[in-house]
1. For the range 198-406, give the magnitude of the charge dipole about the Cα centre (Cβ charges: +1 Lys/Arg, -1 Asp/Glu; no others), in debye to the nearest 20.
2. Gain in length, Val153 to Ser8, computed as 0.36 nm per residue apart minus the alpha-carbon separation, to one decimal in nm?
3. Please quote Rg/Rh for the chain to two decimal places, taking the Kirkwood radius as Rh and restricting both calculations to Cα atoms.
4. Using only the Cα atoms of the range 1-196, construct the convex hull and provide its projected area averaged over every direction, in square nanometres to one decimal.
5. Taking a point 7 angstrom from the Cα of Ala405 along the C-beta vector, which residues in the range 194-236 have backbone N less than 18 Å away?
6. Once you put a point 7 Å from the Cα of Ala55 and another 7 Å from the Cα of Thr239, both along the Cβ direction, what distance in nm separates them?
7. Among all helices in the chain defined by DSSP H, which have a length of 30 Å or more along the axis from Cα atoms plus a Kyte-Doolittle mean of at least 1.0?
8. Which value results when the Cα radius of gyration for the range 198-406 is divided by 2.2 N^0.38 Å?
Amino acid sequence: MASSAEKSLPAGPVLAVTTSTQALSTLGALALAAAAPRAAADLHVSAAVIGYQVALVFAAAALSALFAGGIVRRYGSVRTSQLSLWLVGAGCGLSALGELPLLALGAVVIGLGYGITNPAASQLLTRVPSRRMNLIFSIKQTGVPIGGVLSGVIVPPLTLAAGWQTALATCAVAIAVLGVAIGIVRREWDSERLPGAPLVASAFESIALVWQHPILRWLAGASFLYSGVQLCLTGFLVTYLVGDIGLGLVVAGTVLSTTHAAGAFGRLAWGWLADRFRSGGAVLVANGVCSMIGALLVAAIAPHWPLAAVIGASAAFGFCALGWNGVYIAAIARRAPSGTIGLATGGSLFVTYAGVIVTPPAFSALHDQAGLSYGMAFALLAIVTAIGIGCVGLAWRARLRADAAN
């Protein structure tokens, strides 16, 4: 809800700006991964080396998320969204130069932009007068799978036609152009910015805010675990289906695309349910329970399964494991103290991105070092999710105590 000092904003234009910003930011973050085989061949490195780019992106995103609240306060949500797009575009441009050190630098620049996208969007979305806050945030979060789809639709054909560097440069231009285009609403939407707001101090303020408020602290803890499960699903599903189940690469890629699509629908469905029952916490618990079932279904996939069953199990897992984000970010915005939505979102996302950085390497180590099959590793994700459900429960208990005290 917008505070009395903030002017309410129209839902349609705000969703258009925030969702498109999220989609193209995600496109920039995933563009190199979509061209990884060709880029790796040209650079004479393993495709796995290109994969480290994603880790660099999210490490930088975790860092910039801490400063996002201060940036939003000082420059406004629209200007912060523009800065996000321009940084992501610049990172793609650096990567397009085709030198390995510049790929690493480009990944860091992309991450710095990606980390400030959500705090700026949250500040805008809470100024939309609506009783369907969870659905609105979930619609905006569909920008993530949309960006994933765009990376798969745009980058490979451009790579085949003109090379991976041209593909990345094209993405950079498109992202930068959107950054210019959304500036048309900046004067009106950024009218409440505070030009003298601190930047460096905001990073410590963001972390302190999340840590000092038990509801935010436990929700952030749940996001650490949920986000790790999400990235393990999208990052290892194709490898699992090809290496252990025996599917062809193209077929496995199709299963992954279906999983992403199910996640997009899941974001809308879970957001609608949270509004319908007026409890984001209950929906996050239900989402976690369903994710546990999905993890076990994917772990049970066997070579003799028909393709329809493989797609169904993967899509069911994706519907849940990729569908929680909008409800979570809405819960953070709803429970943040007045005037601290950007700070609370940035501080909590620092923890969320940390889960993205930590969990997939641990998943990989279970397979490569401990000798577990990918199926068994997917089964263990059910335990990780169960711990996340426990964190949501603790946040729920903290909320009941806070409400009783008031």
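Just so it is clear, none of the values below were taken in a lab; they were calculated from the coordinates. On a predicted model such as this, the values are computed, not experimentally measured, just so you know. Because the Cβ atoms are built from the backbone with ideal geometry, glycine has one as well, and the counts that use them run over all protein chains shown.
1. Once rounded to the nearest 20, the dipole reads 640 debye.
2. 48.6 nm
3. Rg/Rh: 0.96.
4. Over every viewing direction, the Cα hull of the range 1-196 projects on average to 10.6 nm².
5. Inside the label zone: 208-220.
6. Output for this residue pair reads 1.1 nm.
7. The qualifying helices are 11-34, 47-75, 214-243, 341-368, 374-405.
8. Normalised Cα radius of gyration, the range 198-406: 1.07.
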